[in-house]
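Structure first, commentary second.
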Amino acid sequence: MAGWEMDRRDMSMNCASGNRIVTPKRIALYGGTFDPLHLGHLLVARAAMEEMQLEKVYFIPTAQSPFKPDQLPTPPQTRLQMLRIGLAGNPDYEVDEQEIERGGISYTIDTVRDYQKRFGESHLSFVIGADHVPSLPKWRDAGELASSLHFIVIPRPGENDVVFPTGYKGVVLRGFPLGVSSSQIRQRVRDKLTVRHLVPNAVEQAIVYNGLYL
Ligand code: ATP
């Protein structure tokens, strides 16, 4: 059974005194380039799950970020492979390929509309690192995003005093602040330094096997 079908089944109606009550789901979308997935990403998702009592976090890799137009990411299928093996065996997380399937520049609003159709709007959250908060008003259809989403912000070392732009709602979590980034991982590989303990073991193996970031 496909993941989405399972989710639809989970959302099945409860019958109480003849009334149909929709069981709300607490889910969060977590978008990123994930080039590659690293332990900072995993701790972001873990903090969101625990502090927000979420049922699931959907990792949604972008095809091409509108904010990194000059940066050609690693081919999508390779990033997907690393994401899948890095998250394997953890039922709290799911990988959603829709932005990669759409291709081109990925706009969060398209993905959010898709989730709204399937899950309703009530408990839809979007997870971002603190570094992305100031840019929120520049996202496509920012007004619609602000009004329909609850943002879960995870602290990131070097980003102090998170202030939500006007009109945005959300929370800043305690998290497990960790100063690891994908660009640092790529740089370390170029510099022939180990990335062990900074990415999941399987991701480290995939980087070596595929000769990435050299
Ligand atoms: P790059 O270094 O290439 O810019 P990145 O490490 O920021 O990449 P992305 O995949 O672009 O990784 O990030 C996806 C999301 O995860 C963003 O919202 C980003 O702020 C957040 N994020 C990434 N790493 C961390 C971290 N160590 N702590 C908190 N948030 C993080």
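Within the chain, what whole-number % of the accessible surface is contributed by carbon and sulfur, with the 1.4 Å probe and all protein chains included in the calculation?
With neighbouring chains kept in place, the figure for the chain is 52 percent.
Just going by the charge dipole of the chain, with Lys and Arg at +1 and Asp and Glu at -1 on Cβ, which of LEU193, ALA45, LEU29 is farthest out on the positive end?
The residue sitting farthest along the positive end of the dipole is LEU193.
For all pairs of alpha-carbon atoms in the chain, what percent lies in each bin of width 10 Å, listed from the first bin to the last filled one?
Final binned percentages: 8, 32, 38, 17, 4, 1, 0.
Once fully extended, how much extra length lies between HIS197 and LEU72, figured as 0.36 nm per residue of separation less the alpha-carbon to alpha-carbon distance?
Additional length available on full extension: 42.4 nm.
Give me the one-decimal nm value for the distance between modelled label points at LYS25 and SER147, 7 Å along each residue's Cα-to-Cβ direction.
It is 2.5 nm.
List the lysines whose Cα sits under 29 Å from the Cα of LYS56, skipping any in the same chain fewer than 8 residues away.
Filter leaves LYS25, LYS68, LYS117, LYS138, LYS169.
Please express the shape of segment 143-214 as an equivalent ellipsoid: the semi-axes are the square roots of 5 times the eigenvalues of the C-alpha gyration tensor, given largest first in whole angstrom.
34, 14, 11
Based on Cβ point charges of +1 for Lys and Arg and -1 for Asp and Glu, what charge dipole magnitude is obtained for segment 23-210 about its Cα centre, in debye rounded to the nearest 20? Walk me through the numbers on the way to the answer.
Working: 21 positive and 21 negative charges, 57 e Å.
Once rounded to the nearest 20, the dipole reads 280 debye.
How far, in degrees from 0 to 90, does helix 76-87 lean away from the longest principal axis of the Cα atoms of the chain, to the nearest 10?
So the inclination is approximately 70 degrees.
Placing +1 on the Cβ of each Lys and Arg and -1 on the Cβ of each Asp and Glu in segment 23-210, which of GLN71, GLY143, VAL163 has its Cα farthest towards the positive end of the resulting dipole?
About the Cα centre, the residue reaching furthest to the positive side is GLN71.
What distance in nm separates the two pseudo spin-label positions at GLU159 and ILE105, each 7 Å out from Cα along the beta-carbon direction?
Rounded to a tenth, the inter-label distance reads 2.1 nm.
Would you mind getting the accessible area per residue of the chain, heavy atoms of the protein chains only, 1.4 Å probe, in Å²? Walk me through the numbers before you get to the answer.
Values: 11170 Å² over 214 residues.
On a per-residue basis, the chain sits at 52 Å².
7 Å from Cα along Cα→Cβ at both ASP114 and GLU50: what's the point-to-point distance in nm?
The modelled label-to-label distance comes out at 3.1 nm.
May I ask you to order 166-172, 109-115, 34-40 by the average number of other C-beta atoms within 10 Å around their residues, highest value first?
Details: 166-172: 13.7, 109-115: 16.9, 34-40: 24.1.
The most tightly packed comes first, giving 34-40, 109-115, 166-172.
Taking Cα atoms, how many degrees apart are the long axis of helix 201-210 and the longest axis of the chain, rounded to 10 and kept between 0 and 90?
60
Where both partners of a DSSP beta bridge lie in the chain, what percent of those bridges are antiparallel, to the nearest 5?
Roughly 20 percent of the DSSP beta bridges within the chain come out antiparallel.
Helix 108-119 versus the longest principal axis of the chain: what angle, 0 to 90°, nearest 10, using Cα atoms?
For 108-119 against the chain, the angle is about 40 degrees.
The values are calculated or read from the model by the stated rules, or taken from the named source; none is laboratory data. Please read these numbers as outputs of a predicted model, since none were measured by experiment. Because the Cβ atoms are built from the backbone with ideal geometry, glycine has one as well, and the counts that use them run over all protein chains shown. Just so you know, the surface numbers come from the protein's heavy atoms only, side chains and all, with ligands and any DNA or RNA stripped out. Shrake-Rupley method; radii C 1.70, N 1.55, O 1.52, S 1.80 Å.
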